[in-house]
1. Against the definition (part of a loop (DSSP other than H, G, I, E, B) and farther than 30 Å from residue 263 by Cβ), how does residue 140 come out, yes or no?
2. Which residues, taken from region 172-212, are more than 8 Å from ligand 2 (Cβ to nearest atom), in contact with a Ser or Thr (Cβ under 8 Å, 6 or more places away or on another chain) and at pLDDT 90 or above?
3. Only one of (1) free of Cβ contacts under 8 Å to residues at least 60 places away in the same chain; (2) more than 22 Å from residue 154 (Cβ to Cβ) is not met by residue 80, so which one is it?
4. On the given criteria, is residue 221 under 18 Å from residue 192 (Cα atoms), assigned to a helix (DSSP H, G or I) and of a type outside the set (Phe, Trp, Tyr)?
5. Across region 190-216, which residue is least open to solvent (accessible area, probe 1.4 Å) among those that are out of contact with any strand residue (DSSP E or B) (no Cβ under 8 Å at 6 or more places or on another chain) and near ligand 1 (Cβ under 7 Å from one of its atoms)?
6. Go through region 296-306 and give me each residue that's open to solvent by 60 Å² or more (accessible area, probe 1.4 Å) and within 35 Å of the chain's Cα centre (by Cα).
7. Select from region 22-35 the residues that are without any contact (Cβ under 8 Å) to a residue 60 or more places away in the chain and either part of a loop (DSSP other than H, G, I, E, B) or not assigned by TED's automatic domain parsing to the domain that holds residue 92 (or both) and list them in ascending order.
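The values are calculated or read from the model by the stated rules, or taken from the named source; none is laboratory data. This structure is a prediction, so every number in the text was calculated from the model and none was measured. When we count neighbours, we look across all protein chains shown, and the Cβ atoms used for this are built from the backbone with ideal geometry, even at glycine. SASA here: full protein model, heavy atoms, side chains in, ligands and nucleic acids out. Shrake-Rupley method; radii C 1.70, N 1.55, O 1.52, S 1.80 Å.
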Amino acid sequence: MKFLDQAKVFIRSGDGGAGSVSFRREKFIEFGGPDGGDGGRGGDVWVEAVDGLNTLIDYRYQQHFRAKTGVHGMGRNRTGAKGADVIMKVPAGTQIFEEDNETLIHDLTEVGQRYRLAAGGNGGFGNQHFKTSTNQAPRRANPGLPGMEMTIWLRLKLIADAGLVGLPNAGKSTFLAAVTAAKPKIADYPFTTLHPNLGVARVDAREFVIADIPGLIEGAHEGVGIGDRFLGHVERTRVLLHLVSALEENPGKAYKTVRGELEAYGQGLSDKPEIVALSQADTLDPDARKKKLASLKRAAGQQPMVLSAVSGEGVEAVLRSLIAIVEQSRAERPVSVKSESRWQK
Ligand SMILES: Nc1nc2c(ncn2[C@@H]2O[C@H](COP(=O)(O)OP(=O)(O)OP(=O)(O)O)[C@@H](O)[C@H]2O)c(=O)[nH]1
Ligand SMILES: [Mg+2]
């Protein structure tokens, strides 16, 4: 699954309505004077974070959003109505960038947040505004001001609760496929995963979202392999599950390589809670298992968990450990933190 996470959109706020030129005309009233009303303001363009959306897919089909023009002013001092607004509904976590796709305009992190991207043009003054002592019958009114137009980028970071990290072939995608309904591509060559995959895992009747991302290799922060930009997808997760393959000659070294890349990436990734697990454990005999676990434990400074996505061993225990951290973190901080991301570049 390729997760659509950005869309280019053209927006335009409404023009202001024109002011009106009109004179009071009533029976028995001479020289009634000007009574042209003002034009209404043009509609605004808003973005609003709403519940229930997970993608920006709608913006692939509709890329133009125009608010309505304000209604023109009318005689008898009637002001025109404001033009209708446009409200673009996006999932929480959407960021809005200028046309260069670099300059952040706004970050919508919580459901219910709203931001006015473009205000409608002001309505023009009707001729009653131009009445002076020397000009009692002005024939002049203003047109409305034009609306603003711009091209913007909407970008959504996948907001997952837990992120899978590890070297290529560590079994990340296999784990995701085992515990969620996601169907990521799985194969025994490096960089099988090129785009992040999301899945919803369930344990003890509770749910959380797991993100599977490409593998990290030494030098990824300098662009080796496919680089490390995709780490942006797990920046906002609450916990990392670090998988180290039991097939690694030296699991401790494999662990440290990935940790080194997380540190080089920055953005607080290396400070996140981490659960370390020796994966593909079904491939080991008891002796090798002991040795590899010891190597990983030394490197990680914590007792690693053991799992096999193929045999199912240890999988539930890992899910329980993950959900415990996720729930604790949700209680402390219901909305994922905002962070400036290198991924934005
Ligand atoms: N025996 C065994 N094989 C596994 C297990 N998990 C994954 N594999 C195999 O290991 C290989 C790599 O698995 P993937 O899930 O694609 O690994 P990945 O970490 O997602 O790899 P990248 O996407 O390249 O980073 C595949 O051939 C899997 O079938 C496991 O628990 N036991
Ligand atoms: Mg994969």
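1. Criteria met by residue 140.
2. 175, 210, 211, listed by residue number.
3. Among (1) free of Cβ contacts under 8 Å to residues at least 60 places away in the same chain; (2) more than 22 Å from residue 154 (Cβ to Cβ), the lone unmet condition for residue 80 is (1).
4. Working: under 18 Å from residue 192 (Cα atoms): no; assigned to a helix (DSSP H, G or I): yes; of a type outside the set (Phe, Trp, Tyr): yes.
So residue 221 does not fit the description; no.
5. 214
6. Residues satisfying the conditions are 301, 302, 303.
7. Once the filter is applied, which keeps residues that are without any contact (Cβ under 8 Å) to a residue 60 or more places away in the chain and either part of a loop (DSSP other than H, G, I, E, B) or not assigned by TED's automatic domain parsing to the domain that holds residue 92 (or both), region 22-35 yields 24, 25, 27, 28, 30, 32.
Let's see how each residue does on (1) in a strand (DSSP E or B); (2) open to solvent by less than 10 Å² (accessible area, probe 1.4 Å); (3) not assigned by TED's automatic domain parsing to the domain that holds residue 130:
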residue	(1), (2), (3)
11	yes, yes, no
17	no, yes, no
20	no, no, no
37	no, yes, no
42	no, yes, no
48	yes, no, no
56	no, yes, no
60	no, no, no
68	no, no, no
